[in-house]
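One structure below.
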Amino acid sequence: MNDKYIGKLLDNRYEILQVIGTGGMAVVYKALCHRLNRYVAVKILKDEYAKDEEFRNRFHSESHAVAMLSHPNIVAVYDVSRSNSIEYIVMELIDGMTLKQYMDRRGTLSQKEAIHFITQILKALSHAHSKGIIHRDIKPHNIMLLRDSTVKVTDFGIARLESSQRTVTREAFGSVHYIAPEQAKGSHIDCRADIYSAGVVLYEMLTGRLPYEGDTPVSVAIQHINSMPLSPREINSEIPEPLEKITMKAMSSALSKRYASTDEMLADLDEYKKNPNIDIEYEPPVKSSEVDMDETKKLVLSVPEENDAENAVEQNGVKAKLPLIVAVLAIGVFFAGVLTLLSTIFGWGDSKKPEALIVPDILGMTLEEAGKRYNEFEIIETDEEVREYSDEYEEGEIIKQHPKENEASTSGKIYVTLSKGKNSGMQVLTDLTDMSEEQAKIILDREGVVYTVKREKADDTAEGCVIKTEPEAGNSVSSDDIVILYISLGKEQKDVLVPNLYGLTEIKAIESLAASNLEKGNVGYEHSNTALKGTVIGQEIQAGESKPEGTSVGFTISLGPEEKKPDVTTPNTDEHQQKDETKSDVSTPVTVDKNENIEITRSIRLPTEPESFVVKITVNGTTQYEKTHKGTDGSVDVSLTGNGEATVCVYINDVLRQEIPIDFK
């Protein structure tokens, strides 16, 4: 299927390469950032949402808020941009799989894995909650798992926009399995909704199944509101009781009995890891009688089964019609309740669009003042991190608003930016360590800090990330100060000496290079009359030269003497035979009787290291030469005897260096 964005260059920077994911409101692409020469993920808003100006503005403002999150367990947002009619965000590209894919492969996870993953998820949520951001759609599908078991939570803030669209999709059906009861009822939610969803994820990891199943999203949502799941130990008796209590406390349908914060849940997990026998404080919730659907469900449950409807209603020969009428009414009430719930959760039946409100001018007001004066609107600060200095407005006053004055709003929400007051000339420097260069620059620009960039090698900091600042984080700087931002060039490469490879076998040569943190380069092969077959007779970089670690060093391996073909046109006279015998060859036959041993002379090239060593040569396992040599000897001529085909082995200090097949004839 062709995609109109493939091959497109957004903002003359991001080259769209391929689709890597599709969600309810956006498509995610793999892209190449030409400015920083790195691969990124680009999430582009679908056309049907991009045409809605109000939704585009909300997408833009929410994405900007999320871009300020910086945590090792949160997928980083690098950029938020508009290109003509395209609304998109740029994120780090994750090399891994979703937690859902991992769970599908593994089934029930070990307690150690489950605790490892949920701890990272909770830490990510804790950071987001501290910034006033609620995820709203925590589920294994939105959690990325890297190859080193690091967890990265994605789609912060985006779920809030998706839920506002009130459409039922496959994604919605997947989300409803993890939805908090108050969220399913359309009530106000806070950070505890994310804790409930995290509890469901932990439940699924420990038991290998979801707490509630159903054929439709509504049936699952009703269970979240009005049911209690099987305890994890009823499914898997090996789950420790304290871990079960932590899971069930996180999933408590009663807000007062649920963890009040992610830090509370993390504290219990830490205590459990220290002492597996710890007593976790947990009170199982009592089924609420205030849920609207309770009485309806009881009524429906009392309806006779289809087989009983014709038999059980007759008393003394007279059919009692009243129970059938009650049954019909019960079914009607039940489905009316279902439709009401549908409307609450997914907006079904909303045929009328909400009436648009004209936005007032609230610049210069505080959040409290604006909320009291215009209580028909919800005034929302985008994020405390994006407050700006202002010479016109006092600290805490609204300096920006969206939508603007006299514009229409159907959502009833106004997003605002507050003033940090006048710039006193001093600014406390934020800790930027390990942030990407782009993220760090965004923060410094926002805070009005003047900076310059220096790049240097760093073993402990990833390439392209901040090593440190000068002055260090926490110090105050003025508008006249220039902060030095140190960016990592990756690990520092040290210079090493190239080893001597002459006389080594190919395997030994590769091992010698690896020991010096050097790489094997191109390997060539040549005939040699003086070197053993299979040993190094030359290297591209001479031994003793200093080269950076990782440098490739090529070398040449001996193929042994080149075989000479007999000249069939030359008579085998005594004269020619005498000339052949006087040639300087590596092999000199001295007898020609096939029934007797043949003696030949072989030139053996010796290694240059160590300083001295023992050379032992065997023919078919029988030692024919053993003598101590020095590294300066170069080579030695050895007389060997044998009959027919044989294997000659060369040992240096009892280590086999070469096997040479020889035909004594």
Solvent-accessible area of E540 with every protein chain in place, 1.4 Å probe, in Å² to the nearest 10: 120 Å²
Label-point separation in nm, M426 to K665, each point 7 Å along Cα→Cβ: 9.6 nm
The range 1-64: relative contact order in percent, alpha carbon pairs under 8 Å with at least 6 residues between: 20 percent
Amide proton proximity set for T535, modelled H, under 5 Å, gap of 5+: S558
Probe 1.4 Å, protein heavy atoms only - accessible area per residue of the range 430-500 in square angstrom: 56 Å²
Calculated from backbone phi, Karplus (6.51, -1.76, 1.60) coupling profile of the range 611-620 in Hz, x at Gly/Pro: 5, 9, 6, 9, 9, 10, 10, 10, 10, 6
Cross-link pairs beyond the 20 Å C-alpha cut-off, checked among K139/K249; K131/K257; K100/K249: K131/K257; K100/K249
Neighbour net charge for L485 - beta-carbon separation under 11 angstrom, K R +1, D E -1: +2
With all protein chains modelled, accessible area of Y393 [1.4 Å, Å²]: 40 Å²
K422, K51, reordered so the largest accessible area comes first (probe 1.4 Å): K51, K422
5 Å binning of all Cα-Cα separations within the range 76-138, expressed as whole percents from 0 upward: 4, 12, 14, 20, 20, 15, 8, 4, 2, 1
Restraint check, K630/K665; K123/K185; K123/K273, Cα-Cα greater than 25 Å: K630/K665; K123/K185
Total lysine pairs under 16 Å (Cα atoms) in the range 361-456, excluding pairs fewer than 8 apart on one chain: 6
Portion, in percent, of the accessible area of the range 384-500 that falls on carbon or sulfur, probe 1.4 Å: 42 percent
Residues with amide H under 5 Å from that of D481, placed H, sequence gap 5 or more: none
Value of relative contact order over the range 209-259, rounded to a whole percent, pairs C-alpha under 8 Å and six or more apart: 23 percent
Around E438: net Lys/Arg minus Asp/Glu count, Cβ-Cβ under 12 Å: 0
Within the accessible area of the range 112-155 (1.4 Å probe), percent carbon and sulfur: 49 percent
Accessible area (Å², per residue) of the range 77-124, counting only protein heavy atoms and a probe of 1.4 Å: 44 Å²
Integer Hz, Karplus 6.51/-1.76/1.60 couplings in order for the range 122-129, x for Gly and Pro: 5, 5, 5, 5, 4, 5, 5, 4
FRET efficiency for D445 and E611, using Cβ-Cβ distance with R0 set to 45 Å, rounded to 0.05: 0.10
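Relative contact order for the range 62-159: what percent, with Cα pairs under 8 Å and sequence separation of 6 or more?
Relative contact order, the range 62-159: 35 percent.
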Nearest-0.05 FRET efficiency for E281 and K112, computed from C-beta distance (R0 22 Å): 0.40
Highest to lowest packing among 504-512, 184-192, scored as the average C-beta count within 10 Å: 504-512, 184-192
Whole-Hz ³J(HN,Hα) from phi, Karplus 6.51 cos²θ - 1.76 cosθ + 1.60, for the range 229-242, glycine and proline x: x, 4, 5, x, 6, 6, 8, 9, 5, 7, 6, x, 4, x
Amide H contacts of S528 (H built 1.01 Å from N, under 5 Å, at least 5 apart or other chain): L559, G560, E562
Label-point separation, N406 to I6 (7 Å along Cα→Cβ), nm: 4.8 nm
Segments 199-208, 475-484 sorted - mean Cβ within 10 Å per residue, highest first: 199-208, 475-484
Solution diffusion estimate, µm²/s, Stokes-Einstein, the range 393-451, Kirkwood Rh from C-alpha pairs, 4 °C, viscosity 1.567 mPa s: 92 µm²/s
Spin-label pair S635/D391, simplified geometry with 7 Å Cα→Cβ offset, distance in nm: 8.6 nm
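The values are calculated or read from the model by the stated rules, or taken from the named source; none is laboratory data. For clarity, every value in this text was computed on a predicted model and none was experimentally measured. Please note: Cβ atoms are built from the backbone with ideal geometry, for glycine as well, and neighbour counts cover all protein chains shown. Just the protein is used for accessible areas: all its heavy atoms, side chains included, with ligands, DNA and RNA removed. Shrake-Rupley method; radii C 1.70, N 1.55, O 1.52, S 1.80 Å.
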